[in-house]
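To start, the structure under review is shown below, and the notes come after it.
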Amino acid sequence: MSHEELDYIRQLFAEPRSGSEGEAGGWLRVSEDAAGLLKGIPGSPRIELQAGWKGHRLRFPLKPRADTEDGGLTLEIGIPEILEGEERSRSWRVPPGRDEMLLQDRSGRLEQPRVMNLSYTGMAVEQRADRIPDMTLPLRDLRLVLPGQRDYLKLLGYVVRQTPLDEARVQLGIRFEPLSDDARDLLGRYILRRHRELQAARETGC
């Protein structure tokens, strides 16, 4: 990994400057020879950059954006997914902050759900034990409003596990179907911000 790439990763986790919270971006240049190989692959090839950061791994999606004057290719660096674990890594699960996020199931199959943790691939919610939905049927109209956002993310998910918490409440594990690019970017920015907040609190002992 180059010094420029490492500097970019450090900037993502630096203290936010005024007006820049949540901003992320950058690009990589691919030489003409490598660009020719990528362009010869049918469809859109999945290209990623992985790096380590404070006990976690970051997986940056790289999206082809433009050709350069010398025949090369520009790859845009997207919002990274934070992974945890070693051999069997999984998407990092972030606990909500003080500002609780709002989750609605417009189909009515979940009643008063409360988000307990969230990742790119799914979430855990607390739910009334007497209203457990059928695990064989998808949750087709989940709407999640992240703290500080007005617009909701529309999600499709499946209940993949349930764990009793007490007589009245149960924890449900919900797996998302693949997110749209817009939903993934919005969710990724929130997860990045929460990761930075939690790391800062850990370092200061708060």
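Here is how the numbers come out for the structure above:
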{"read-out": "Residue among LEU75, LEU118 that is over 15 Å from ARG169 (Cβ atoms) and not assigned by TED's automatic domain parsing to the domain that holds ARG143", "value": "LEU75"}
{"read-out": "Count - residues of region 101-132 that are of a type in the set (Asp, Glu) and surrounded by 19 or more Cβ atoms within 10 Å (Cβ to Cβ)", "value": "1"}
{"read-out": "Of residues in region 146-189 being under 17 Å from ARG90 (Cβ atoms) and of a type in the set (A, V, I, L, M, F, W, C), the one surrounded by the most Cβ atoms within 10 Å (Cβ to Cβ)", "value": "ILE174"}
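Each row is one residue, and each column tells you yes or no for (1) closer than 20 Å to LEU165 by Cα; (2) in contact with a helix residue (DSSP H, G or I) (Cβ under 7 Å, 6 or more places away or on another chain).
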position: SER91; (1), (2): no, no
position: PRO95; (1), (2): yes, no
position: ASP99; (1), (2): no, no
position: LEU102; (1), (2): no, no
position: ASP105; (1), (2): no, no
position: GLU111; (1), (2): yes, yes
position: MET116; (1), (2): yes, no
position: GLY122; (1), (2): yes, no
position: GLN127; (1), (2): yes, no
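The values are calculated or read from the model by the stated rules, or taken from the named source; none is laboratory data. Worth saying up front: this structure is predicted, and the values here are computed from it rather than measured. FYI the Cβ positions are ideal-geometry reconstructions off the backbone, even for glycines, and counts take in every protein chain you see.
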